[in-house]
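Structure, as structure tokens:
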Amino acid sequence: MNTSSLSLYVVDDDEAVRQSLGMLFLSRGYAVQVFESGEAFLEANCQQQYGCVILDLRLDGISGLQIFDQLRAQNSALVVLFLSGHGDIQLAVDAVKNGAMGWLEKPCSEVLLLKKVELALVQAGKNMQWKVEKKKATSLWERLTPREKEISRLVAVGKSSKGIAKELSNIEYRTVETHRARVFSKLGLINSNELDRFLRTYDF
Amino acid sequence: MRNFISVLTRFSNSPPTRRDALWATLLIFVVITVYVSGNWSATFALKGQVESIQHSISINALGLLSNAEKFSSLPYTASLHPDVLSILKDDKNQSGKQAVNEYLESINAQAGSDAMYLMNVDGLTIAASNWNSGQTFVGRNYANRPYFIDALRGKPSVFYGIGQTTGIPGLFLATPVIANRVVIGVVVIKVSLRDVEDAWAGLTAPIMVSDAKGIFFLGSVPQWKFLAKEALSEEGLQWMSRHKQYGDRKEFTQIPWVVERLEGGSIYIIHTALEGTPHRYLAIDHLIPELGWTLTVMADYHVVIWARMVAWILGALIAGLLVFSILYWRLREKRFLEQSTARQELELRVIDRTQELREAHAFQQAMGDSLVVGMRARDLQGRIIYVNTAMCEITGYSADTLIGCLPPYPYWHQDDLARHWIDNANAMSGQSALTGFESRIKHRDGHDVLTMVYTAALVDATGKHKGWMSSVVDITEQKKTEAKQRLHDTQLQHTGRLASMGEMVSTLAHELNQPLMALCNFASAANAFAKQGNNALLVESLGEITVQAQRSADIVKRVHGFVRPVTLGIEICQLNTVVSSVLAILKSEMKLQHTQIRSNLLENLPFVKGDYVLLEQVVVNLIMNGMQAMQHLPCEQRVIEVATLCCDEMVCIKVKDNGIGIAPNIAASLFEPFFTTKRDGLGLGLNICRTIVESHKGLLTFEDQKPAGTIFTLKLNRLI
């Protein structure tokens, strides 16, 4: 996966920590943006971007946890890493349980830091890919008529056209066959197994 | 009597009640009863009067009738006399006339009538009993008189009138003289009714007789004679002038009566006046048919009125008496009830009081025995008159031994005798302090007991000062504890300070993590930039490394400063520096607690003498307390203000929070060791702070802040 299209965001109110992290990531060739507060980060409107956010747990103004909650609420694909100071471990652990990628205790070794960031970016790449595929699948799915959607769900669970015609009662066997053919053609699929996987994967 | 009036007043003033309605009904009943009894009495009296009238009527009617009838046979007898018949037949018979004259004279004299005379059919008198008197009727013609006219028709007649010749009233009884069924003459006898009238004159109530025309001609009241019941008609008047019944009288005016008919009609009341005096008479008319007269008999109506009045008065008096009797009876009942209630209450109260006294005594006894405080009462001479159980236990002596003792008491400490005498003298003169005094006594078994003695005057129920009551508290244990406490305090301060330092070091370590993290990152970046040959960024990173290293060093220095050994009072300190350094130390703690800090430091603040580290510790403690007091507030409201200022000869640091404040009930114990409101607090912070401040000869005070929060003020003497 090419990670170059992904961004790194650093939110920390200690200027030294913020600048040093920026410098570190810059030196490793990452695209990095730094913010001195949660408000500044949210204002920059990066929520729908793809990448990784490194959040300090303790911030003036809204806290790292609050930013995390907002991202989750907006269904953001950004991967979150927390930076925790002395005594905040429990908060960080809780955040991870709630879906954060991980945490780093200050101070931490550069090796660990970079490794975690790398992993996070891989996850971010997956997120991005998933988003793209999902979008594509959705546009295909939306081309189906409601009747076709209905029939495709029945086809996916392995029902024969006869069975479908019987179940829907007001429809002819031949018509089912027509719909079925049109579904496969529109979604670019070959058989009912693929249709089943398609529906499960994208949760239609 | 006053009670009576009050009862009456109460009736008149109070709003209407059921009882008042009862009284009103009773009143109406009494009034009706009195009224009815009056009327009944009046009716009764009326009945009596009517009876007496009827009695009088029967007597007088009979009298009148007998008076008339007594003489009625005489004319008839005379009419049968042969001489009478002969002279009527032969007008010339002079001797016969004389004989008749004499005959009539003798009968008249014998009968006692006024006159007797004989008329021929022309009405001419031909013989009379008064033939030889000056006013003889002989030769006079009475043809106009009704009795003559009636007799001429052949029937006897009766007539009352005034004599035409004599002018004297009288009753004329005339009988026809009949020969061969032809009336040839009329014999008349005139009878005076003066005797009757004379008899009536003595009566109290008038009796009157009226004729068929309603004219009163006879009666006991002369003024009413010849007055008519109703004015005579023209025809009646002509009849009167023709027949001259009552002489030459031309007018017969109406009698001055106002008549009021009673029920039934035959009885009536006459309102009239006699000789200027108004009178009321009860009257009944009685017709005497034989004579054609009406007898009007009266009785005094005032008797009836009086009877009613008397009945009313008597009734009212009896009713009044009855009402007063009821009122009196009720009053008496009420008073009796009150008295009996009062007596019962008194008895109950006596019982209650006795019970109360017994209970109070038992209560007092129990109280005295249960007290851990010794109680000792003495009279004015100092003789013990009472001790409780606790007092006996404190001293080890029994109550029997102690009671009656005079100073020196057996429990006085041999080594403190002089002191005991002084205390005793003070107590006996009422000069011992209200706060009490300490006194060491010796227990009977020989060990020392430290006591606190409080004395107050013993005053009896009449207010008389009878002696002194002392309470004696055993404070031996307390004293021991206090001594132990003092020993511990110094150790505790040390422990507390160490604990406080531990916290501080932890905070500082955290603070140190930030530059260390930055250092790490910059170093790693520098490494990378060096490999990449990116010199500009390499230099920048290295510069940052220097800055962060310096920052770390500063932090370490502060930690070092905080934990170095105590050097009390040897430095000249600037309190602004103390505050700044504390704020730097607490910066990360502030962030953790989301607390804002506002400092307001006075420029050119005078110096003080003290120990930087200890003073910093005090300020750290105060700020930490403030932060903890604001934990319940939303983050944006957590504000601590720190100010330095100079007042009088003192230099102050004020630490202000807007937290929960200090409840009044804990304010007093705030500075005590081991006092804490925090769940995991040691309770040493403020105690140590105060110790430190006091060792600097300063003051540490606190006050409530409006609307919420607390201000702690540290004051130190300025250095001159």
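Data overview
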item: Computed over chain B, the ratio Rg/Rh where both radii use C-alpha atoms and Rh is Kirkwood; result: 1.71
item: Radius 9 Å from Cβ of A:GLY61, net charge of other residues (Lys, Arg +1; Asp, Glu -1); result: -3
item: Semi-axis lengths, Å, the range B:367-434, gyration tensor of Cα atoms, sqrt of 5 times eigenvalues; result: 20, 14, 12
item: Radius of gyration, Dmax [the range B:346-497; alpha carbons; angstrom]; result: 19.5, 74
item: Two-site label geometry, B:ALA342 and B:ALA425: point separation in nm, points 7 Å out along Cα→Cβ; result: 5.9 nm
item: Sorted largest first, extent of the range B:15-61 alpha carbons per principal axis (Å); result: 66, 9, 6
item: Largest to smallest accessible area among B:SER192, A:SER169 [probe 1.4 Å]; result: A:SER169, B:SER192
item: Expected 222 nm ellipticity per residue - DSSP helices of 4 or more, -39500 (n - 2.57), all of chain B, to 500; result: -17000 deg cm²/dmol
item: Beta bridges per DSSP with both ends in the protein assembly as shown, % antiparallel, nearest 5; result: 80 percent
item: Cα-projected label distance for B:ILE59 with B:SER86, points at 7 Å along beta-carbon direction, nm; result: 4.9 nm
item: For the range A:15-82: rounded, prolate or oblate by the Cα gyration tensor [a/c cutoff 1.5]; result: oblate
item: Normalised contact order of chain A, rounded percent, pairs of Cα under 8 Å and 6 or more residues apart; result: 15 percent
item: The range B:361-384 residues near the modelled B:ALA456 label - backbone nitrogen below 13 Å, point 7 Å along Cα→Cβ; result: B:376
item: Descending Cα extents along the principal axes, chain A, whole Å; result: 72, 31, 28
item: Amide H contacts under 5 Å for B:HIS279, placed H, 5+ residues apart; result: B:THR272, B:ALA273, B:LEU274
item: Convex hull per residue volume in Å³, alpha carbons only, for the protein assembly as shown; result: 601 Å³
item: Per-selection Rg to Rh, the range A:47-107 - Cα, Kirkwood hydrodynamic radius; result: 0.94
item: Long-range HN-HN contacts of A:LEU104 with modeled amide H, under 5 Å; result: A:PHE82, A:LEU83, A:SER84
item: Estimated buried accessible area (total), pair A and B, 1.4 Å, Å² to nearest 100; result: 2100 Å²
item: Built amide H within the under 5 Å cut-off of B:GLU571, gap 5+; result: B:GLY610
item: Rounded if a/c under 1.5, otherwise prolate or oblate - the range B:110-210, Cα gyration tensor axes; result: prolate
item: Positive dipole terminus of the range B:590-650, leading residue within B:ILE640, B:LEU605, B:MET590 (C-beta point charges); result: B:MET590
item: Pair B:GLN381, B:CYS647: separation of 7 Å Cα→Cβ label points (nm); result: 6.1 nm
item: B:ARG343 accessible area, 1.4 Å probe, all protein chains in place, Å² to nearest 10; result: 130 Å²
item: Kirkwood-based shape ratio for the range B:283-436, expressed as Rg/Rh from alpha carbons; result: 1.83
item: Solvent exposure, largest accessible area first (probe 1.4 Å, DNA, RNA and ligands not counted), of B:TRP131, A:TRP141; result: B:TRP131, A:TRP141
item: Spatial separation of Cα centroids for the range B:285-355 and the range A:1-76, in angstrom; result: 116 Å
item: Relative contact order of chain B, defined on C-alpha pairs under 8 angstrom at six or more residues apart (%); result: 7 percent
item: Counted charge near A:GLN33, where neighbours are those whose Cβ lies closer than 14 Å (Asp, Glu -1; Lys, Arg +1); result: -2
item: Residue-averaged [θ]222 nm for chain A, counting only DSSP H segments that reach four residues, each worth -39500 (n - 2.57); result: -18000 deg cm²/dmol
item: Percentage relative contact order, the range A:18-105, counting C-alpha pairs under 8 Å, at least six apart; result: 24 percent
item: Accessible surface of B:THR691 - all protein chains present, 1.4 Å probe, nearest 10 Å²; result: 40 Å²
item: Residue-wise HN-Hα coupling along the range B:660-670, computed from phi with Karplus coefficients 6.51, -1.76, 1.60 (Hz; x: Gly, Pro); result: 6, x, 10, 5, x, 6, 9, 4, 5, 9, 4
item: Computed FRET value (nearest 0.05) for A:ARG143 with A:VAL93, which takes r as the C-beta separation and R₀ as 45 Å; result: 0.50
item: Accessible area per residue, Å², the protein assembly as shown with all protein chains present, probe 1.4 Å; result: 54 Å²
item: Model label zone, A:LEU168; criterion: amide N under 11 Å from point 7 Å along Cα-to-beta-carbon; scope the range A:114-156; result: A:145-155
item: The range B:50-125 - Debye-derived log10 I(q)/I(0), Cα point model, q = 0.14, 0.16, 0.19, 0.23 Å⁻¹; result: -0.56, -0.65, -0.81, -1.04
item: Hz values of 3J(HN,Hα) by residue in the range B:114-120 - Karplus curve (6.51, -1.76, 1.60), Gly and Pro given as x; result: 6, 7, 9, 8, 10, 10, 8
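The values are calculated or read from the model by the stated rules, or taken from the named source; none is laboratory data. Just so it is clear, the structure is predicted and the values come from calculations on it, not from any experiment. Here the Cβ is made from the backbone with ideal geometry for all residues, glycine too, and neighbour counts use every protein chain on show. Calculation scope for accessible area: heavy atoms of the full protein, side chains included, ligands and nucleic acids excluded. Shrake-Rupley method; radii C 1.70, N 1.55, O 1.52, S 1.80 Å.
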